[in-house]
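Enquirer: Here it is, the structure, as structure tokens.
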Amino acid sequence: MLTSNMSNTAPIRQHNDTDPCDEGFIYDSSSDEERHECNDAASLSSLLTPSEPSKSLEHAAIVYDRYSDDAGDVLEIRQYFHMPRPRAAKEVVIRVEASTVSFTDTLIRRNNWYKSVSLPITPGFDVVGTIVSVGEKVRQRKLFQVGDRVAALIKRGGNACYANVHYDKLVKVPGGVDAAEAACVTHIYTSAYQALRCARNSLTLAGAKVLVTGGNGPIGEAIVELSKKAGAEAVYATAHERYHPHLKSLGAICLPFECTEWLPKVKGQMDVVIDSICQDDYISPQAALNNDGRLVCTGMTAIVSGDAPASSSFLGTSATAMWTSLKSSYLMKQTCSYDVWSSFKAKPDDFKRDLEYLLQLLRKHEIQPNVQERIGLEEVANAHYRLERGQEKGCIVCTPWKKILR
């Protein structure tokens, strides 16, 4: 195995090409869920079962062994002379074509996500690629076969050349679909689509007024696009002024970023509000609703990023975020919470059905993900840095074979 720390340009440090398990990559836990994660789609792509040694590099993955606020301090590229193979009868190995680099990845790395993820971790919340090997039960049941092009939501493991994925998380990707765009759909568009479904049980938003806070983010852009497609009368998006031209090109009515500035313009008028920021404890988004409106809380970036007053309370960031989540889920009127991973775990079949539908829209060019940049593994740490500072619009997609194996 070879490792490279991404925070510098020093030569790759070399280690003996041994079983990665000898380096402590496989761990035990008293949690049944964590043990399951080690064997399903959320498992680390770097947890390899050695095959016959190769004379050339066969696999690489981003890995970190500890949480940190500094991506460059912990993210490493680890390279292997072995290809992975299924470690369980219901697993497949995917040759990764694309995986997003998202703000959620940065939260997990900082241990600020709503649920702690056991170390070591390979980031990458989703994966799109081609199956190169299958476990025994997958083969016997003919569920998937080598050569199938698939997508999956996996929480961790996507930023790698190969990923081990449990078959029940897979959805087939239609022919002719761009891998980077499919990765955006798997995480970003499905999040947007299901958040809108939380607000409206029907598939239509005909005549509705929709407000999305932080509309310049990938999910915000997807909400604007899907709302317009579903017949919304008007879609409002809050964002800093530099993002307004792009949002206007998507059909959004642009509003200032600060809630004190945008609320007077829409107070009491909205049928649907999707808020991922939580600038003021969700007070302004709720005040924007009309009597029959619905607020869907999809995040609290202002709290976890330390930008909101609540984040500096005596409770601390994690406790404040937990309390805010509980309040939006159970105590606030006309309000619900949505999280894509929780939704997937609770109703996996619904998630896969929605993903299949969106992939078909992508195939027919009825939706158009904004892939801002396609990067190699060596650029992931810098992408984390830019995401945490709000310097990006659109989706950043890791295409792991871009440069690393050469």
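The values are calculated or read from the model by the stated rules, or taken from the named source; none is laboratory data. What you see is a predicted model; the values in this text were computed from it and never measured. In this analysis, Cβ positions are derived from the backbone assuming ideal geometry, glycine residues included, and neighbour counts consider all displayed protein chains.
Enquirer: Hey, can you tell me all the residues within region 118-129 that are over 14 Å from the mean Cα position of the chain (by Cα) and either more than 22 Å from Lys172 (Cα to Cα) or part of a loop (DSSP other than H, G, I, E, B) (or both)?
Expert: Ser118, Leu119, Pro120, Ile121
Enquirer: In region 219-231, is there at least one residue being part of a loop (DSSP other than H, G, I, E, B), closer than 24 Å to Gln372 by Cβ and at pLDDT 95 or above?
Expert: No, region 219-231 contains no residue that is part of a loop (DSSP other than H, G, I, E, B), closer than 24 Å to Gln372 by Cβ and at pLDDT 95 or above.
Enquirer: How many of the residues making up region 130-163 are small (Gly, Ala, Ser), assigned to a strand (DSSP E or B) and over 16 Å from the mean Cα position of the chain (by Cα)?
Expert: Selection size over region 130-163: 1.
Enquirer: Check region 183-206 and report whether any residue there is more than 26 Å from Phe344 (Cα to Cα) and not β-branched (Val, Ile, Thr).
Expert: yes
Enquirer: Here are some conditions: (1) buried (at least 21 other Cβ atoms within 10 Å of the Cβ); (2) of a type outside the set (Gly, Ala, Ser); (3) in contact with a Gly (Cβ under 7 Å, 6 or more places away or on another chain). Val173 meets all but one. Which one does it not meet?
Expert: Among (1) buried (at least 21 other Cβ atoms within 10 Å of the Cβ); (2) of a type outside the set (Gly, Ala, Ser); (3) in contact with a Gly (Cβ under 7 Å, 6 or more places away or on another chain), the lone unmet condition for Val173 is (3).
Enquirer: Continuing with this model, one more query. Can you pull out the residues in region 200-212 that are at pLDDT 90 or above and surrounded by fewer than 24 Cβ atoms within 10 Å (Cβ to Cβ)?
Expert: Leu205, Ala206, Gly207, Ala208, Lys209 - these are the residues of region 200-212 that are at pLDDT 90 or above and surrounded by fewer than 24 Cβ atoms within 10 Å (Cβ to Cβ).
Enquirer: If you scan region 203-226, which residues turn out to be touching a strand residue (DSSP E or B) at 6+ places or on another chain (Cβ under 9 Å) and more than 13 Å from Leu247 (Cα to Cα)?
Expert: Leu205, Gly207, Ala208, Lys209, Val210
Enquirer: Tell me, please, whether a residue that is in contact (Cβ under 8 Å) with a residue 60 or more places away in the chain, part of a helix (DSSP H, G or I), closer than 20 Å to Pro369 by Cβ and not assigned by TED's automatic domain parsing to the domain that holds Gln279 can be found in region 173-180.
Expert: Yes.
Enquirer: Continuing with this model, one more query. Please find, within region 74-97, the residue that is surrounded by the fewest Cβ atoms within 10 Å (Cβ to Cβ) out of those that are in a strand (DSSP E or B) and of a type in the set (D, E, K, R).
Expert: For region 74-97, the residue satisfying everything is Arg95.
Enquirer: Something else about it: I'd like the full set of residues that are without any contact (Cβ under 8 Å) to a residue 60 or more places away in the chain and of a type in the set (A, V, I, L, M, F, W, C), limited to region 203-233.
Expert: Within region 203-233, Leu203, Ala206, Ile223, Val224, Ala230, Ala232 qualify.
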